[in-house]
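Here is the structure we will look at, set down as structure tokens.
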Amino acid sequence: MLYLIPTPIGNREDITERARRLLGEVDLVLAEDTRTSRPLLQHYGIETPLRAYHAHNEHALVEQLVTELKNGSDYALITDAGTPGISDPGFLLVRACREAGIEVSCLPGPAAFVPALAASGIPCDRFHFEGFLPHKKGRQTRLTYLAELPNTFVLYESPHRIAKLLGQLEEHCGPDRQACVAREISKKFEEITTAPLAELRADYTARGKVKGEIVVVVAGK
């Protein structure tokens, strides 16, 4: 059995009781970065062995992991924060397990775009999740496509590129399009700001360096 177990995106109290129990019961925890996950598990008193599983080794490990799971092992897959497979490693292993007849169970839990979308005040009955945009090739094409969508869309961005992204969104969507920047979700300095793109771009340009992973929610055309 493979368990996909969401981990807190900020506040460590956000983990579920079931997640803590399963992380302690499985044979092995596959972690995106053991340096990040080991302190997290230690915080909960969990001593299950860890093995690195990330974007740079997942292709090489999938076959071996499927063999081990078919032989009766129970593994948990976690990422640095949030739900595995959502802009994080996980898809390749899940697909391989499904093809091999291995049961896969995904626990409900944290995903950064959900609280950002819900708290933004921007329509969320229908939305498009884009995740991270390409850094170079294909970026302008995606921005052009997103700007024409009738529904809200959601992006992830790193803090050192947020001002650039907001400028590009303003260029493609117009300065008056409503958007929301959510930063440090569930942490002490959580900040969720909804305003026209021009205001958000000016704000984050003036700030310079900021910290924390960022979710950007943009209203549809």
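The values are calculated or read from the model by the stated rules, or taken from the named source; none is laboratory data. Since the model is a prediction, treat every value here as computed from it, not as a measurement. So basically every Cβ, Gly included, is an ideal-geometry build from the backbone, and we count neighbours across all protein chains shown. Ligands, DNA and RNA are excluded from the accessible area calculation, which covers all protein heavy atoms including side chains. Shrake-Rupley method; radii C 1.70, N 1.55, O 1.52, S 1.80 Å.
At an R0 of 41 angstrom, the distance between the Cβ atoms of residue 141 and residue 33 translates into a FRET efficiency of 0.85.
Over the chain, what is the percentage of antiparallel beta bridges among all DSSP beta bridges, to the nearest 5?
50
Extension gain for residue 211-residue 107 works out to 34.6 nm (0.36 nm per residue, less the C-alpha to C-alpha distance).
Sparsely packed loop sites in the range 41-136 (the trypsin sites (Lys or Arg not before Pro) outside DSSP H, G, I, E and B with at most 13 other Cβ atoms within 10 Å) comprise 126, 136. Calculated accessible area for the range 74-221 comes out at 49 Å² per residue, all protein chains present (probe 1.4 Å; ligands, DNA, RNA ignored). PRE reach from residue 43 (point 7 Å along Cα→Cβ): which of the range 4-18 fall under 19 Å by backbone N? Correct set: 5-18. Using the structure shown, list the pairs from 136/211; 70/136; 70/211; 188/221; 136/188 with a Cα-Cα distance above 31 Å, or answer none. With Cα atoms farther than 31 Å apart: 70/136; 70/211; 188/221; 136/188. Which angle from 0 to 90°, rounded to the nearest 10, does the C-alpha axis of helix 162-173 make with the longest principal axis of the chain? Value to nearest ten degrees: 60.
Under 1.5 on a/c is rounded, so check that first for the range 54-103, then, if it is not, pick prolate when a/b is larger than b/c and oblate when it is not; a ≥ b ≥ c are the square roots of the alpha carbon gyration tensor eigenvalues.
prolate
Taken along the Cα-to-beta-carbon direction at a fixed 7 Å, the label points for residue 148 and residue 55 span 2.8 nm. Set against the 2.2 N^0.38 Å expectation for a compact globular protein, the range 1-85 has a Cα radius of gyration ratio of 1.02.
Taken one residue at a time, the phi angles of the range 19-25 give Karplus couplings (6.51, -1.76, 1.60, θ = phi - 60°) of 4, 4, 5, 5, 4, x, 9 Hz. Gly and Pro are set to x. Helical runs assigned H by DSSP (4 residues or longer) give the chain a calculated mean residue ellipticity at 222 nm of -10500 deg cm²/dmol, each run adding -39500 (n - 2.57) before division by the residue total. If you plug the beta carbon distance of residue 100 and residue 18 into 1/(1 + (r/R0)^6) with R0 = 22 Å, you get a FRET efficiency near 0.30. Stretching the chain fully between residue 71 and residue 176 yields a gain of 32.1 nm (0.36 nm per residue, less the alpha carbon separation). Applying 0.36 nm per residue to the separation of residue 25 and residue 164 and subtracting their alpha-carbon distance, the gain on full extension is 45.6 nm.
When both bridge partners sit in the range 1-115, DSSP labels roughly 5% of those beta bridges antiparallel.
The angle separating the long axis of helix 34-43 from the principal Cα axis of greatest extent in the chain is about 80 degrees. Expressed as a whole percent, the accessible surface of the chain that belongs to carbon and sulfur atoms is 50, based on a 1.4 Å probe. For residue 4, the residues 5 or more places off, or on other chains, whose built amide H falls under 5 Å of its own are 77, 105, 106, 107. In plain terms, the bigger the Kirkwood radius, the slower the diffusion; for the chain, with that radius from Cα pairs, at 4 °C and 1.567 mPa s, Stokes-Einstein puts D at 69 µm²/s.
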